[in-house]
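The values are calculated or read from the model by the stated rules, or taken from the named source; none is laboratory data. Quantities reported herein were computed from a predicted structural model and do not represent experimental measurements. Ideal geometry is used to build each Cβ from the backbone, glycine not excepted, and the neighbour counts take in all protein chains shown. Note: areas computed on protein heavy atoms with side chains; ligands, DNA, RNA excluded. Shrake-Rupley method; radii C 1.70, N 1.55, O 1.52, S 1.80 Å.
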Amino acid sequence: MKTIRQLFNIIKESLESLWRNRAMSLTSTISIAAMLTLFGVVMLMIVNLNTIMYQTGEKLDKVVFFLKDDAPVADVNGFIKELSENDKVKRVTYVTKDEALEDFKKGLGDDATLLENIPGGNPLPDSITVEMNELSYGKEIEDKYSNLSFIEDHNYYYDFVTQMMKIQNGVKYVGAAIVLILVFVSVLIIHNTIKIAISNRRNEINIMKYVGATNTYIRGPFLLEGVIFGVLGALLSGALTIKLYEVLYEKLNPQLFNITNVDLVSANIVREDIFIIFLCIGVGIGFFGSLFSTKKFLDV
């Protein structure tokens, strides 16, 4: 019963202190919410960039070699055999010009009739599509085989993939730096809030120490305050982040899919994870910010 009574007293004192210092409490909560919201934006950008990289990687992890019309059959067969035996190559596909034209027509849909009766016949060449086991192998395959005498041209999106990787890394580093700064600011604000709360209760704390109250009991209300800051900030930022993402998803995803045939990550998929991550980070910041303050300003 004593433990339960002490727990209720800690909760009561925390709530009273929050109300007494409501301006600073609100500032602490908003600072955590702002930090977590920005963290969520960075996290969602990285998640979507990873998703786009994965989806486009499946489409771009290939080099297409276009063959000359007079390419010797023996040379082409030897080329295919050599590629198939390369341990960096996942699959080699030979596409005839007729198959290429049919695929092109399928992509046009109802407009495919425009390709009927093309003057001069089918203008598309035979081609060999080389799919790699890893995206990074494509450049090596391109450099090694693109200058063969029977190859007319080739297609590989190495520069595009490289730029995507650079953007992905840039978002990670810049986002991490900004989030670290905001974590520091949040802890500093919580630190000052708890400092004010301790100052307001200085006489009461001295009396509690005099009558033999334990260190844990004295610190309890202040630590709980920090946890409450973290929980409220996490819930606020989680709701705001998800709402903003839902709006952006509805506006951007259809356009992105029409252009690239790639989908963004649905808000329904990340909603639960965002709230769990935000709660863990928010509670951690609130607790350790309060713990640091109580150790510095409480002589217990």
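Out of Ile189, Ile194, Ile228, report the one residue that is assigned to a helix (DSSP H, G or I), at pLDDT 75 or above and either open to solvent by less than 30 Å² (accessible area, probe 1.4 Å) or not polar (S, T, N, Q) (or both). Quick ask: steps written out before the conclusion?
Details: Ile189 fails: at pLDDT 75 or above; Ile194 fails: at pLDDT 75 or above.
Only one candidate qualifies: Ile228.
Assuming Glu58 fulfils every condition listed in (1) of a type outside the set (Lys, Arg); (2) open to solvent by less than 30 Å² (accessible area, probe 1.4 Å); (3) closer than 20 Å to Ser127 by Cβ; (4) at pLDDT below 80 apart from one, which condition is it?
Unmet for Glu58, out of (1) of a type outside the set (Lys, Arg); (2) open to solvent by less than 30 Å² (accessible area, probe 1.4 Å); (3) closer than 20 Å to Ser127 by Cβ; (4) at pLDDT below 80: (2).
Of the conditions (1) modelled with pLDDT under 85; (2) open to solvent by less than 60 Å² (accessible area, probe 1.4 Å); (3) more than 30 Å from Met132 (Cβ to Cβ), Thr37 fails just one. Which one is it?
Exception for Thr37: condition (1).
Let's see how each residue does on (1) open to solvent by less than 30 Å² (accessible area, probe 1.4 Å); (2) at pLDDT 85 or above; (3) among the polar types (S, T, N, Q):
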| residue | (1), (2), (3) |
| --- | --- |
| Thr27 | no, no, yes |
| Ser31 | yes, no, yes |
| Met53 | yes, no, no |
| Val73 | no, yes, no |
| Ile80 | no, yes, no |
| Lys105 | no, no, no |
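Quick one: count up the residues across region 146-167 that are surrounded by fewer than 18 Cβ atoms within 10 Å (Cβ to Cβ) and over 24 Å from Asn48 (Cα atoms).
8
I'm trying to understand the selection: among the residues of region 221-260, which are over 19 Å from the mean Cα position of the chain (by Cα) and of a type in the set (Gly, Ala, Ser)?
The answer is Gly226, Gly230, Gly233.
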